[in-house]
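S.K.: Let me give you the structure first, and then I'll get to my questions.
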Amino acid sequence: MAGKNSRVIVKIREMILQGWLPPGVRVREVELAGKLGVSRTPVRESLPTLAQEGLLTQLDTGGFVVRAFTPQEIMDAIDVRGVLEGLAARMLAEQGAPRRLLHSLHESLREGDQIFAKGHLVHADEARYGEMNRQFHSLIVEGAGSKVVAEAIERNGRIPFAAAHAIAFDRVDLPRMYESLKYYNRQHHAIVQALESGEGARVAALMFEHASGAKESINMTRTSSRSGVANADGLLFDQGNGNTPKN
């Protein structure tokens, strides 16, 4: 995620998750920039990143459209990430995590602790937390040293919202979001402790549990940010056809 465009990426991601940009809609850079209150350049530079995340599809004729996806696809992809990251963490624990890697993980822990130390979330924390989370998970996957596992995680991350950094804040209920993310940050601490102790089975279980929390965050964001008809997964759909997010 490009740092200078991280907030724009996060905002567009939220618009897709919440149904403001429904599947099949062509992304119009000028119009979107106006809604976000930014120039066209950061929007244009952010779209390829969102396409890599699986949220957009690039057209042969140029431009991007919002990709169609189902709630079950997202949930399944998050579970797959949990299994694969758990395998990577187990491999790393059994190999013995290098001191330099552990130092970098502790830097991520300190960054997370700073985000939550003030006792509440602000909008700027969204991009900050997403980048910290991306770094934390990347360190573990890269540290395992398995090209096969890393490539499998990269492919799985093309499913919308499956990647570790692809978060979207619940802006309607930030206090609730604060408690959830603070808990996930405590899980980061437990994961590092298990890696330091060489507990392969335990760290694999922790990584899977940790990834599963993303499903709760996604449902929380979608159900509380919009009014409308919700299905059992807490996702909003139009009453007309049952599978198109409300505009």
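Throughout, read-outs are computed from the coordinates displayed, never taken from laboratory work. All values derive from a computational prediction rather than experimental measurement. All Cβ positions, glycine included, derive from the backbone under ideal geometry; neighbour counts span all protein chains shown.
S.K.: List Val66, Val8 from most exposed to least, where exposure is judged by having the fewest other Cβ atoms within 10 Å.
M.R.: In increasing order of surrounding Cβ atoms, one gets Val66, Val8.
S.K.: Could you please rank Phe136, Phe64, placing first whichever residue has the fewest other Cβ atoms within 10 Å of its Cβ?
M.R.: Result, fewest neighbours first: Phe64, Phe136.
S.K.: What does the charge dipole of region 1-83 about its Cα centre add up to, to the nearest 20 debye, if the Cβ of each Lys and Arg holds +1 and the Cβ of each Asp and Glu holds -1?
M.R.: Approximately 400 debye in magnitude.
S.K.: Here's a follow-up. Can you sort Lys215, Lys182 by how many other beta carbons sit within 10 Å, fewest first?
M.R.: Placing the least packed residue first, the sequence is Lys182, Lys215.
S.K.: Return the aspartates and glutamates within reach of Lys11: Cα separation strictly under 17 angstrom, same-chain partners fewer than 8 residues apart disregarded; answer none if there are no such residues.
M.R.: Excluding near neighbours in sequence, the set is Glu29, Glu31, Glu45, Glu53, Asp125, Glu126, Glu131, Asp170, Asp173.
S.K.: Right, something else. Kirkwood-based Rg over Rh for region 71-225 (C-alpha set), two decimals?
M.R.: Taking Rh as the inverse mean 1/r over Cα pairs, Rg/Rh reads 0.96.
S.K.: If you don't mind, another one. With no solvent and one equal point scatterer per Cα, compute the Debye intensity ratio I(q)/I(0) for region 3-68 at 0.19 Å⁻¹ and report its log10, rounded to two decimals.
M.R.: Scattering profile of region 3-68, log10 relative to I(0): -0.64.
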